[in-house]
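Below: one structure, written as structure tokens.
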Amino acid sequence: MTDYRFSKTASRLKRSEIRELLKLTRKPDIISFAGGLPDPELFPIKEVAESSQRAVNERGSLALQYSPTEGDPFLREQLAAYMTRSGEAVSADDIIVVSSSQQAIDLIGKVLVDEGDPIVVETPCYVGTVQAYRAYGADFHGIPVDSEGMRVDALEREVKSLCDAGRKPKFVYVIPDFQNPSGVTLSLERRKRVLEIASEYDLLIVEDSPYRELRFKGDFLPSLYSLDNENRVLQMKTFSKILCPGFRIGWMLGPEEVIDKIIIAKQGTDLCTAAFSSIVVAYFIEAGHLESVAAKARERYAKKARVMLDALEVHMPKVDGLNWSEPDGGMFLWVNLPEYMDAVEMFPAAVEHKVAYVIGSAFTHDGSCRNTLRLNYSYPTIDQIEEGIKRLAALIKSRVK
């Protein structure tokens, strides 16, 4: 048998627990709250078709060609205009286009993380982040979240402890708006405190912002990037949640020195982002469609979230330790089960009950949070949400002690 002698990086790779569990949910009679998919009824097919036709007719020779590593200039111009309209004034030169934010996460690891480097993340944390930085050998330091997001008291203690030991974190990773998986939002007071801690200890902040435009309750909060006056926030954004995931288009902004290294790393990864989809998206933004699609998504997801929250309140047993988050936007909410329940062990029984969720431990670097689970409300229909919560509640009731 051939000895393939895989790299150290390959030895650290681990299959996504979510992807493996989702294989069990592909039966048509299972109601799945497991994915992070947008509602396909929101996809602006007509407008995308029109933008695609313009891309071919007006910029065909560019749309079918390689594009610069930083991204197509037309798209970068439109992204800058869109962000400026949204209250985050940037220029096209500040932006690098990537293959959705997952590539951005990986490129950050590629240019910043060496084996054993400490990084600070939320607990629970987006599973794609854990998977990417584990491959680079990162030393994870998790900070708990509560109803106001990352706990800044715990953040300060952990950062001070690491710095006192001569192990300053490479960065602090945070999803401030409707965090995946918990659905909670980092309060304005805590956003300012995160920046103060970063300033005091000279830290880089990685702000992952895929859901910001999906706020359906309360006022929009300023991003960490817009609050930063010391050039220490690296922000990632994507169209996967606010438009559609099929384009695989995202973008990044941040300190020039870091962005320059990421551009160089990207040259060795894919040379450039797809020109055709970039130009299609640019025409879509230019026509003013992005704001209208996001507005429709906010309206739809507000209704779906309300249906799920109401169903949880009606059908779940009233027992100590069982509670859930109430998101102000985004696509997810988080359920805490009594400590004696194990969402991992319970998952096969959930499939038998024809309902699926994502185990909470998949969102941790250390396998904790086994008595938690994530539910998605953006993809299932209203009827599926109501029936699926009934099924899940029946299962949980059967396990109450």
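Every read-out reported here was derived from the displayed coordinates using simple, explicitly stated rules and does not represent laboratory data. These figures come from a predicted structure and were not determined experimentally. Here the Cβ positions follow ideal geometry from the backbone for every residue, glycine too, while neighbour counts run over all protein chains shown.
Using the alpha carbons alone, the radius of gyration of the stretch 214-274 stands to its Kirkwood radius in an Rg to Rh ratio of 1.05. Once Rg and the Kirkwood radius are both taken over the C-alpha atoms of the stretch 151-195, their ratio Rg/Rh works out to 1.03. Convex hull volume of the C-alpha atoms in the stretch 106-151, normalised per residue: 65 Å³. Within the chain, helices built from complete DSSP H runs that reach 24 Å or longer along their own axis (Cα positions) and carry a mean Kyte-Doolittle hydropathy of -0.5 or higher are 289-315.
Here the spin labels are modelled as points 7 Å beyond Cα on the Cα-Cβ line, and at residue 264 and residue 153 they lie 4.3 nm apart. Measuring between their Cα centroids, the stretch 141-159 and the stretch 366-401 lie 26 Å from each other.
Among all stretches of the chain without exposed chymotrypsin sites (Phe, Trp or Tyr not before Pro) (DSSP loop, at most 11 other Cβ atoms within 10 Å), which one is longest? Present the calculation step by step, with values, prior to reporting the outcome.
Values: sites that count: 4, 6, 66, 340.
No qualifying site falls inside 67-339, the longest such stretch.
With the simple model of a label 7 Å out from the Cα in the direction of the Cβ, residue 351 to residue 115 spans 3.5 nm. Note down the nm distance, to one decimal, between modelled labels 7 Å out along Cα→Cβ at residue 366 and at residue 163. Output for this residue pair reads 2.2 nm.
The Cα trace of the stretch 258-401 gives Rg and Dmax of 20.1, 57 Å, the first to one decimal, the second as a whole number. Across the stretch 46-289, how many lysine pairs separated by 8 or more positions, or lying on different chains, have Cα atoms within less than 19 Å? Count of close lysine pairs: 13.
What base-10 log of the normalised intensity I(q)/I(0) is obtained for the chain from the Debye formula, alpha carbons as equal point scatterers, at q = 0.09, 0.11, 0.13 Å⁻¹? Result of the Debye calculation: -0.55, -0.83, -1.16. Short-range pairs are left out: with C-alpha atoms under 8 Å and at least six residues apart, the relative contact order of the stretch 46-289 is 29 percent. Overall, the stretch 46-289 carries a charge dipole of about 560 debye about its Cα centre when +1 sits on the Cβ of Lys and Arg and -1 on the Cβ of Asp and Glu, all other atoms neutral. For the stretch 204-282, the list of GluC sites (Glu not before Pro) that fall in a loop by DSSP and count at most 16 other C-beta atoms within 10 angstrom reads 230.
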